[in-house]
Amino acid sequence: MNPIPENQQQAFVSRLMKACGGAYSPEVRRKYFISGPQWAAAYQGQALFHAPTRPEIGFQEIIRKYSEIGIGYWTTHDTDVIPTYAMGTDRQNEIVAEIQKALRDNGVQCSMVTAETFHHAVWSASPAAEAPQVREYAKFRVCNTVDIGHELGASFAVYWPGSLGYYVQGAIDETQTLRWYAEALNAACDRDIEVAQKNDRQTLKHCLEAKPFEPQAEILLPTSDAMLGFIASGLLTHPEMVGLNPEYLHELMWGAAPRAALARALVAGKLFHFDINDGYRLKHDVDIGVGLVNPLDWLNVLVLLRSHAYNGPFNLDYKPPRTTSQFGVFEVSFPTAVDRFITLWEIAGEVMTDPIIKEAMDALKAGGPLVDPRDADAIFASNRELLTLHELIAHRLVQILLGLHRGRIYSL
């Protein structure tokens, strides 16, 4: 192949995208509760060891691009769109009005807002630091985010306590830090109740997002299970308002099974919101697009969620690779992420109605012939051959994922 001239490269990428096929129309994509974050599209490719590879892009353009793709919902951190110095000022009101106009003009809704309590230097000792001034500022920020959420019509507020922890042993009293952090969440819920009543709106769903590593050396709430314990600890004045926003990769990072973490959240009635992406176990937070690493695991996750009638948002919390251009972010990254999700979601529906899987699962639940209920050897022998169905079910899932159940085989 001859070198591709620079002025022809975008057309070349677009041609291959069309050749890939398997794309859904924007109208079809909008039928799913998929949200696009401001920070994901605005990510410039920078990281600890990475220089930016893409130019800056503002919320007006991102919202417009999401609308064109068919992503009907938009999410944001407060500081993604409002400078820290402008929080709670007239300038904030002006920016919020500009966002409202961009959303309205493009037929996009704001579904979730989140407070940045990890990046600015004020959070260097966490939002629940020893200094009372820091903790009061944290309350202001989360309450201010609640205000922004109501103004933009959001239904969810997310909190990632990534800086809630420590670097060195013995530096903090962990129990006191957790109490101080609860005070900020209590302030946010109290403010939410006040604003919702004033504006005749439903209160927001407040969602905690766990991450096992970064940015502190030790994290006080590193997993979704830790957060479930925190919610039930008695420290929150409105625990019914607080649930989880698990992130797929954050659960995978520490070696856990995202599906199992989601199941525990479902059992607790606390699965409010879900950040979707992909990556690798026991690695850093690479935030790859959904289904590009673990499509079979993703299929199982969506079977679980569909089986339990989860109807909350799926937030595309991932970073387009730094090898991708700004053009590619909206031509390739987000459209393909949405399309893989839709396909996996619909395949999950096919799994749920597959007669072979249903018969196998029903047989496992029915068990073998009745025997002496205290004879372990007899019980095992009665069910021994049925246990093979576990592997058969797994095989069937792979068949459905690869299309083998529809006769897709290769002649050698």
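The values are calculated or read from the model by the stated rules, or taken from the named source; none is laboratory data. Everything numeric in this text was worked out from a predicted model, so none of it was measured. Methodologically, a virtual Cβ is constructed for each residue, glycine included, from the backbone with ideal geometry; neighbour enumeration extends over all protein chains shown.
Taking segment 303-319 only, how many residues are aliphatic (A, V, I, L, M) and within 19 Å of S111 (Cβ to Cβ)?
Residues of segment 303-319 that are aliphatic (A, V, I, L, M), as a first pass: 303-305, 309, 316.
Those left that are additionally within 19 Å of S111 (Cβ to Cβ): 305, 309, 316.
Within segment 303-319, residues that are aliphatic (A, V, I, L, M) and within 19 Å of S111 (Cβ to Cβ) number 3.
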Any idea which of (1) in a helix (DSSP H, G or I); (2) surrounded by fewer than 17 Cβ atoms within 10 Å (Cβ to Cβ); (3) out of contact with any Leu (no Cβ under 7 Å at 6 or more places or on another chain) is the one L296 doesn't satisfy?
(3)
Considering every residue within segment 82-94, establish whether at least one is closer than 22 Å to D287 by Cα, surrounded by 15 or more Cβ atoms within 10 Å (Cβ to Cβ) and hydrophobic (A, V, I, L, M, F, W, C).
no
Residue among G279, G289, G312 that is in contact (Cβ under 8 Å) with a residue 60 or more places away in the chain, small (G, A, S), within 25 Å of Y159 (Cα to Cα) and not assigned by TED's automatic domain parsing to the domain that holds A394:
G312
Within segment 53-69, how many residues are out of contact with any Lys or Arg (no Cβ under 6 Å at 6 or more places or on another chain), in contact (Cβ under 8 Å) with a residue 40 or more places away in the chain and either assigned to a loop (DSSP other than H, G, I, E, B) or of a type in the set (S, T, Y) (or both)?
5
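From the list V108, V146, V158, which one is in contact (Cβ under 8 Å) with a residue 60 or more places away in the chain and β-branched (V, I, T)? Before the answer, list the steps.
Numbers: V108 fails: in contact (Cβ under 8 Å) with a residue 60 or more places away in the chain; V146 fails: in contact (Cβ under 8 Å) with a residue 60 or more places away in the chain.
Only one candidate passes the filter, namely V158.
Counting residues that are touching a residue at least 60 places away in the same chain (Cβ under 8 Å), assigned by TED's automatic domain parsing to the domain that holds N277 and buried (at least 18 other Cβ atoms within 10 Å of the Cβ), which helices (runs of 4 or more DSSP H) fully inside segment 332-403 reach at least 2? I'd like the intermediate steps shown before the answer.
Working: elements: 334-353, 355-366, 376-383, 389-402.
By residue number, 334-353.
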If N2 satisfies every condition in (1) assigned to a helix (DSSP H, G or I); (2) not assigned by TED's automatic domain parsing to the domain that holds V329 but one, which is the exception?
(1)
